[in-house]
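Visitor: The structure is given below, and queries will be raised subsequently.
The values are calculated or read from the model by the stated rules, or taken from the named source; none is laboratory data. Note that the structure is a prediction, hence the values are computed from the model and not measured. Backbone-built Cβ (ideal geometry, glycine too); neighbour counts: all protein chains shown. Side chains included, ligands, DNA and RNA excluded: accessible areas come from the protein's heavy atoms. Shrake-Rupley method; radii C 1.70, N 1.55, O 1.52, S 1.80 Å.
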Amino acid sequence: MYDSNNVFAKIIRGEIPSKKIVENEYAVSFYDVNPMCEKHVLVIPKGKYENILDFARHASAAEQAGFWDCFVKTADAIGVNAEFNVFANAGLSAPLFNQSVFHFHLHLLAGEKTDACINIMKEMLCIK
Ligand code: AMP
């Protein structure tokens, strides 16, 4: 069940600060506080959806359109066009990365790889 005390719900309510990039009626994007690469941003709906499946199943057409409009404008705003990664974690025991904030968010990663990014990739590939 959705918990309104999660950190992204607090960002949406303006209770804690964030480095916002784009905001519309239905969605907002901001920089990840712990970036894995040069440009690491999060795009979230304003509605109470726990993960991507919850959002895809239950969000209205207007919410989904608003989310994707925010995604596109965010990509434009940070200068992303052809080379990027997008992922969404779901659940505490997801195979690659665990979800730590239970409000649906897309990770959008672009720009230069950092040591943090390279170390994560090495771990995933089991390279010592
Ligand atoms: P996940 O593990 O997919 O749930 O990702 C949650 C992401 O939220 C992580 O990459 C965190 O670094 C990021 N995060 C947590 N708190 C904040 C915050 N206050 N502002 C921006 N990003 C945050």
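Visitor: What is the calculated FRET efficiency for Leu125 to Leu92, with r their C-beta to C-beta distance and R₀ = 30 Å, to the nearest 0.05?
Guide: 0.85
Visitor: How high is the relative contact order of region 12-70? Use alpha-carbon pairs under 8 Å, at least six apart in sequence, and give a whole percent.
Guide: Relative CO of region 12-70 lands at 33 percent.
Visitor: For a quick check, take a GNM of the chain with Cα springs below 10 Å and name the residue from Ala82, Ala90, Ala27 with the largest mean-square fluctuation.
Guide: Ala82
Visitor: Test of understanding: in a Gaussian network model of the chain with alpha carbons linked when under 10 Å, which of Asp69, Asp32, Asp54 would top the mean-square fluctuation ranking?
Guide: The residue that fluctuates most here is Asp54.
Visitor: Moving on to the next point. On a C-alpha basis, how far is the centre of region 85-122 from the centre of region 1-77 in Å? Whole number, if you could?
Guide: Taking the Cα centre of each part, region 85-122 and region 1-77 sit 15 Å apart.
Visitor: With a cap of 12 neighbouring Cβ atoms within 10 Å, and only residues DSSP puts in a loop, list the GluC sites (Glu not before Pro) found in region 1-101.
Guide: Filter output for region 1-101: Glu15, Glu25, Glu83.
Visitor: About the Cα centre of the chain, how large is the charge dipole given +1 on each Lys and Arg Cβ and -1 on each Asp and Glu Cβ? Please answer in debye to the nearest 20. Could the numbers behind the result be given before it?
Guide: Values: 12 positive and 15 negative charges, 32 e Å.
Using Cβ point charges on Lys, Arg, Asp and Glu, the chain gives about 160 debye.
Visitor: Working from Cα positions, state the angle (0 to 90°, nearest 10) between the long axis of helix 61-77 and the longest principal axis of the chain.
Guide: 40
Visitor: What number do you get for the chain when its Cα radius of gyration is normalised by 2.2 N^0.38 Å, N = residues?
Guide: Normalised Rg, Cα atoms only: 1.05.
Visitor: Give me the accessible area per residue for the chain, probe 1.4 Å, as a whole number in Å².
Guide: Roughly 61 Å² per residue, with all protein chains present.
Visitor: If you build the convex hull over the alpha carbons only and average its shadow over all orientations, what do you get for region 80-124? Give it in nm² to one decimal. Don't jump to the answer; show the numbers that get you there.
Guide: Values: hull surface 15.2 nm².
In nm², the orientation-averaged hull projection of region 80-124 is 3.8.
Visitor: Please find, in a Gaussian network model of the chain (springs between Cα atoms separated by less than 10 Å), the residue of Ile52, Ile118, Ile78 whose mean-square fluctuation is greatest.
Guide: Result: Ile118 has the largest fluctuation of those listed.
Visitor: Right, another one. For the chain, what's the relative contact order in percent, using C-alpha pairs closer than 8 Å and at least 6 residues apart?
Guide: On the way: 200 pairs, mean separation 38.9, N = 128.
In percent, rounded to a whole number, it is 30.
Visitor: A further question follows. For helix 115-124, report the angle its Cα long axis makes with the longest principal axis of the Cα atoms of the chain; keep it between 0 and 90° and round to the nearest 10°.
Guide: Taking Cα atoms only, the helix is inclined about 80 degrees.
Visitor: Something else: Taking every pair of alpha-carbon atoms in region 63-103, give the share separated by more than 14 Å as a whole percent.
Guide: I get 62 percent for the Cα pairs in region 63-103 exceeding 14 Å.
Visitor: Let me ask something additional. What is the total of Lys pairs in the chain with C-alpha atoms under 28 Å apart, excluding same-chain pairs fewer than 8 positions apart?
Guide: 26
Visitor: Determine the relative contact order of region 68-115: mean sequence separation of Cα pairs under 8 Å and six or more apart, normalised by residue count, in whole percent.
Guide: Working: 33 pairs, mean separation 17.0, N = 48.
About 35 percent, as a whole number.
Visitor: Can you list the residues, at least 5 places off or on another chain, whose amide H is less than 5 Å from the amide H of Val22, using H built in the peptide plane?
Guide: Under 5 Å from the amide H of Val22 lie the amide H atoms of Ser29, each far enough along the sequence or on another chain.
Visitor: Give me the distance in nm between label points sitting 7 Å out from Cα along the Cα-to-Cβ direction at Ile16 and Val72, one decimal.
Guide: 3.2
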